[in-house]
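These notes are about the structure you will find just below.
Every read-out reported here was derived from the displayed coordinates using simple, explicitly stated rules and does not represent laboratory data. Note that this is a predicted model, so its numbers are computed, not measured. Every residue, glycine among them, receives a Cβ derived from its backbone with ideal geometry; neighbour counts consider all protein chains shown.
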Amino acid sequence: MKVHLRVFVEVENLGKAMNALADAGITGFYILEYKGMSPQDWKGFSIKEDPKSAIGLIKDYATDAVLVCSVVDEEKTDKIVESVMQALEGEKYTILEVPIRRIIVNNQDPEKERAETWLLEKEVPCFYCGENSVQRIRIDMNKAKIWCTNCGAARYYLIKGVEKEGS
Ligand SMILES: [Zn+2]
C-alpha cells in the first residue's frame, strides 16, 4: 500500500524537513503554505462567527507554517518518519500518515503517452516474406503492432484482458 505522508512544520524548519525527507529517499513531494494554530493556542478561544472576525483571528494569532506532502511506500514510511523526527528534534511538528486507497493519474501530455508504449524486437521468420529477420513489436495500451524490417509487412493485434493496476 501507499501512504500519503504529511509533515506539518514551521516555515523556519522547512529546509531541515526537506533534507531529512530527501535523505530518507522520497522521490517526489509538494508543499503547501498555510496558517495554523496549535490545539494549545486554540483552547479556550471562542470567536464571533462572522467572516471578518474569523479571518482577523487567523491573521493575528495563526503562525505561518508549511505542509510537505509525499506519497511513499508503506514499508519505507517508518524509516522516512524516523529521519524527519531526528532532524526536527526539539522543534514543533506534526506528522500524519494517511493510507491511500487508490491513485488515479490522468496524463494528457502526448510526449509522456508515447514514452509508455513498449517497443520490442525479435528475430524470427516473417509471416509474410518468410525471411528470418527482425520483427518489431510495438505495444500501445491494448494494441500490438508487429512489422517486418525486411519486407515491411505489418500485423495488428488487440490484446484482450489487459488489467490496469489496482483494478
Ligand atoms: Zn517480412
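Summing Lys, Arg as +1 and Asp, Glu as -1, what charge do residues with Cβ under 11 Å from the Cβ of Glu91 carry, Glu91 excluded? Please list the in-between numbers first.
Working: positive: Lys16, Lys92; negative: Glu10, Glu12, Glu89.
Around Glu91, the charge tally is -1.
Please turn the phi angles of segment 22-34 into ³J(HN,Hα) values with the Karplus equation 6.51 cos²θ - 1.76 cosθ + 1.60 (θ = phi - 60°), one per residue in order, whole Hz, x for glycine and proline.
Couplings: 5, 4, 7, x, 5, 9, x, 7, 9, 10, 10, 8, 8 Hz.
For segment 2-100, what log10 I(q)/I(0) values come out of the Debye formula at q = 0.14 1/Å, with one point per alpha carbon and no solvent?
-0.58
Let's test the formula: R0 of 35 Å, r as the Cβ-Cβ distance of Ala153 and Val71. What FRET efficiency results, to the nearest 0.05? Mind dumping the intermediate values first?
On the way: r = 45 Å, r/R0 = 1.28.
Taking R0 as 35 Å, the efficiency between Ala153 and Val71 is 0.20.
Of Lys2/Lys122; Lys16/Lys76; Lys122/Lys143, which pairs sit farther than 27 Å apart, going by alpha carbon to alpha carbon?
The pairs that break the limit, which is 27 Å between Cα atoms, are Lys2/Lys122.
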